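Q: Take a look at this one; I'll ask things after.
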Amino acid sequence: MARWVEPMGLLHGRGAFAAVAADAALPLNGGAAAFSLVRLIDDGRTLGILPAIDTPEDWQDAVLALTRRVPPFAGLEAAGRPLVMGILNVTPDSFSDGGRHLDPLAAVAAGHAMLEAGADLLDIGGESTRPGAEPVPAEEEMARILPVIRELAKAAPVSVDTRHAATMRAALAAGAEIVNDVTGLRHDPDSVAVVAEAGCPVVLMHMPGTDPRRMGALADYGDVSLEVAAHLAERIAVCEAAGIPRGKIAVDPGIGFGKTLEHNLDLLDRLPLLLGLGCPVLVGASRKRFIGTLSGADSPADRMPGSLGVAVAAAARGAAVLRVHDVRETLAALRLWGAVGGGAGV
């Protein structure tokens, strides 16, 4: 396992600027946040937690990498907050909104509603990847989503949520600009080549294995945050070797995909560890089961308040993109978080 520098002691807003000016912290990803401490990790072992400005010389390059601004995802920027990606599932069986948008006209209307609510981009999928979901042939997946993508791509940037290379290719031809693959381009052997040839941005997500039906049985980690970071680093290297530049890649820790409640909480708390990869970090935790467990909301429809709490926590820890069901409410929460200093003291 490689060396890792984990930024800690996060500060935001005025507190961050003051600490940087006093040489007590370093800016995080060139933004309004800063980190005052670093955990040095070598081969899975913590060597120590030190003031960020006192990092040993042979670790300084890795620390400085954390201070550099990450390129905006897909060329999109939102001043002072993460991008908000609206979720549009054109499926009969997605865990939260399955069946509501299976009709193309309903899906297009829902997409426009999210854009009117302020979504920066839309993520459109035609295959449920909830635990235990049955796979969908690429032909059926395309029949569901291509009419929707053609219409909504006229109004906003669209990401296609798919594991299938044929669907990626068809969706990009229909107007999608981004590929979002829950398997990190591992399920279909042609998918890396499709993305490389298209030159489009891609989201690489962590999931143990490549079959959502079996991912729960693979939720076995020593240090989940380190192992997810190492997996994503390996996927970035594969993509770069195939001609996909790092500047076109975003990474997603895969909250809820082959993780227990404790794994999800550890990944969210230690999200800054992923910032050292030099890619925007996308977090998709909206309405997921662990939120219901912690908040006592059995129905996904009742998990919006808990989802807002997780969205703000992810933003405070460096997430560049939030993939959400509740666009208007998420933007309101982010505005309030920013108005009170961007979560200073988190």
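The values are calculated or read from the model by the stated rules, or taken from the named source; none is laboratory data. All of these numbers come straight from a predicted model, not from anything done at the bench. Don't worry about glycine lacking a Cβ; one is built from the backbone with ideal geometry, like all the others, and counts go over all protein chains shown.
Q: What are the pairs, 6+ residues apart or on separate chains, where a residue within the stretch 145-169 that is not assigned by TED's automatic domain parsing to the domain that holds residue 197 has its Cβ under 6 Å from a residue that is modelled with pLDDT of 95 or more and part of a loop (DSSP other than H, G, I, E, B)?
A: Listed by first residue and then by second, the contacts come to nothing, as the list is empty.
Q: Determine the pairs where a residue that is under 12 Å from residue 248 (Cβ atoms), located within the stretch 64-80, has a partner that is outside any loop (DSSP other than H, G, I, E, B) with Cβ atoms under 7 Å apart, the partner being 6 or more residues away or on another chain.
A: From residues that are under 12 Å from residue 248 (Cβ atoms), the pairs are 71/247; 73/83; 73/250; 73/321; 74/178.
Q: Criterion first (under 25 Å from residue 334 (Cα atoms), in contact with a Gly (Cβ under 6 Å, 6 or more places away or on another chain) and assigned by TED's automatic domain parsing to the domain that holds residue 324) does residue 115 satisfy it?
A: No, not satisfied.
Q: Restricting attention to the stretch 289-310, which residues are within 19 Å of residue 100 (Cβ to Cβ) and of a type in the set (S, T, N, Q)?
A: Within the stretch 289-310, 299, 307 meet the criteria.
Q: Let me ask you something else. Restricting to the stretch 4-44, name every residue that is within 20 Å of the chain's Cα centre (by Cα) and among the polar types (S, T, N, Q).
A: If the condition is that a residue be within 20 Å of the chain's Cα centre (by Cα) and among the polar types (S, T, N, Q), then 29 is the only one that fits.
Q: Do we find a residue being closer than 23 Å to residue 160 by Cα, in contact with a His (Cβ under 9 Å, 6 or more places away or on another chain), crowded, with 24+ Cβ neighbours inside 10 Å and small (Gly, Ala, Ser) anywhere in the stretch 239-253?
A: Looking for residues that are closer than 23 Å to residue 160 by Cα, in contact with a His (Cβ under 9 Å, 6 or more places away or on another chain), crowded, with 24+ Cβ neighbours inside 10 Å and small (Gly, Ala, Ser), one finds none in the stretch 239-253, hence no.
Q: Filter the stretch 188-202 down to residues that are within 19 Å of residue 139 (Cβ to Cβ) and surrounded by 20 or more Cβ atoms within 10 Å (Cβ to Cβ), then give me how many there are.
A: 3
Q: A follow-up question, please. Do the conditions hold for residue 205, that is, is it modelled with pLDDT of 95 or more and buried (at least 22 other Cβ atoms within 10 Å of the Cβ)?
A: It is true that residue 205 is modelled with pLDDT of 95 or more and buried (at least 22 other Cβ atoms within 10 Å of the Cβ).
Q: Are any residues in the stretch 48-94 more than 19 Å from residue 278 (Cα to Cα), assigned to a loop (DSSP other than H, G, I, E, B) and among the aliphatic types (A, V, I, L, M), and if so, which ones?
A: Scanning the stretch 48-94 gives 79, 90.
Q: Continuing with the same structure: Out of everything in the stretch 142-166 that is basic (Lys, Arg) and surrounded by fewer than 22 Cβ atoms within 10 Å (Cβ to Cβ), what residue ends up being nearest to residue 119 (Cα to Cα)?
A: Per the stated criteria, the residue is 154.
Q: Name the single residue, out of those in the stretch 2-33 being outside any helix (DSSP H, G or I) and at positive phi, that is surrounded by the fewest Cβ atoms within 10 Å (Cβ to Cβ).
A: Applying the filter and picking the extreme gives 23.
Q: Oh, and also: Considering every residue within the stretch 95-104, establish whether at least one is in the same structural domain as residue 149 (by TED's automatic domain parsing), out of contact with any strand residue (DSSP E or B) (no Cβ under 6 Å at 6 or more places or on another chain), at pLDDT 95 or above and assigned to a helix (DSSP H, G or I).
A: No, because not a single residue in the stretch 95-104 is in the same structural domain as residue 149 (by TED's automatic domain parsing), out of contact with any strand residue (DSSP E or B) (no Cβ under 6 Å at 6 or more places or on another chain), at pLDDT 95 or above and assigned to a helix (DSSP H, G or I).
Q: Working only within the stretch 211-222, note down all residues that are modelled with pLDDT of 85 or more and either out of contact with any Gly (no Cβ under 8 Å at 6 or more places or on another chain) or crowded, with 16+ Cβ neighbours inside 10 Å (or both).
A: 220, 221
Q: Only one of (1) buried (at least 20 other Cβ atoms within 10 Å of the Cβ); (2) out of contact with any Asp or Glu (no Cβ under 7 Å at 6 or more places or on another chain); (3) not polar (S, T, N, Q) fails for residue 83. Which number is that?
A: The one condition residue 83 does not meet is (2).
Q: In the stretch 320-342, is there at least one residue being modelled with pLDDT under 95, aliphatic (A, V, I, L, M) and either touching a strand residue (DSSP E or B) at 6+ places or on another chain (Cβ under 6 Å) or not in a helix (DSSP H, G or I) (or both)?
A: yes
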